[in-house]
Amino acid sequence: QLFGEASTRASTVLLFVGAVVDAAFASSGAMHLGPRSGAGSVAHLPLGSGGSGGAEPCSCGRTGCLQSEVSERAMVRRAAEQGLIVGSFTELLDRALAGDARALALFRRRARLVGRGAALLLDMFDPEVLVVVEPGAGRIPECLADLRAEVAERSWVCEDPERAVVPSSFTGSVLATAGGAVALGALYTDPLGPWPALPAVS
Ligand SMILES: [Zn+2]
């Protein structure tokens, strides 16, 4: 909301897909955190039937959770199961960007599953924009198209996924941008307010 597209400022859901999966909701410039700062904990959203073939057990003990199906670790493991041995998630992404068919298929599958979560979040919050932080959707046009197609099939509220579902403006640098946004957000909210006390120098 501070640095990205102006369309995110009325109401936004952000869906983050990386080593973990998480979501956030902001409306009229304010984040909803909840009393336990737990709002947006969508890691264990059940994907329902068809989510997984050879499902990986989730840390919560169930199978077929959004995070256990689409996390970076799950992607690397699934690649290995298919004989595509990579040293890291970044390497898998590089393979997909270079056009490796197996790697690309994994990212397209991920985009479909993320689209299921996105559709549910759109129906729950009806935001102006849903921002997806996921490198496939951010950098591979087929993945973004798959994600939007899944939203079109599943969301009851979203009538225009092309407009309402957008990749992050900060693909590749999102964590650094997020860190800066936390600090600058506090400053912009109260520019003349007291700075946090620094530890005393002994
Ligand atoms: Zn789970």
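The values are calculated or read from the model by the stated rules, or taken from the named source; none is laboratory data. This structure is a prediction, so every number in the text was calculated from the model and none was measured. Every residue, glycine among them, receives a Cβ derived from its backbone with ideal geometry; neighbour counts consider all protein chains shown.
Per-residue answers, yes or no, for (1) touching a residue at least 40 places away in the same chain (Cβ under 8 Å); (2) within 20 Å of SER11 (Cα to Cα); (3) more than 16 Å from the chain's Cα centre (by Cα):
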| position | (1), (2), (3) |
| --- | --- |
| ALA111 | no, no, no |
| VAL133 | yes, yes, no |
| GLU153 | no, no, yes |
| TRP156 | no, yes, yes |
| GLU162 | no, yes, yes |
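Can you confirm whether SER59 is free of Cβ contacts under 8 Å to residues at least 24 places away in the same chain, surrounded by fewer than 17 Cβ atoms within 10 Å (Cβ to Cβ) and more than 16 Å from the ligand (Cβ to nearest atom)?
no
Where residues in segment 43-56 are modelled with pLDDT of 90 or more and buried (at least 17 other Cβ atoms within 10 Å of the Cβ), which of them is nearest to the ligand (Cβ to nearest atom)? Talk me through it step by step, then tell me what you get.
Narrowing segment 43-56 to residues modelled with pLDDT of 90 or more: 43-46.
With the extra rule that they be buried (at least 17 other Cβ atoms within 10 Å of the Cβ), the set shrinks to 43, 45.
Numbers: ALA43: 6, LEU45: 8 Å.
It comes out as ALA43.
Determine, yes or no, whether VAL76 is surrounded by fewer than 23 Cβ atoms within 10 Å (Cβ to Cβ) and under 19 Å from the mean Cα position of the chain (by Cα).
So VAL76 passes the test.
Consider LEU184 carefully, then state whether it is at pLDDT 85 or above and under 20 Å from ALA6 (Cβ atoms).
Yes.
What's the number of the only condition in (1) touching a Lys or Arg at 6+ places or on another chain (Cβ under 9 Å); (2) not in a helix (DSSP H, G or I) that VAL132 fails to meet?
It is condition (1) that VAL132 fails.
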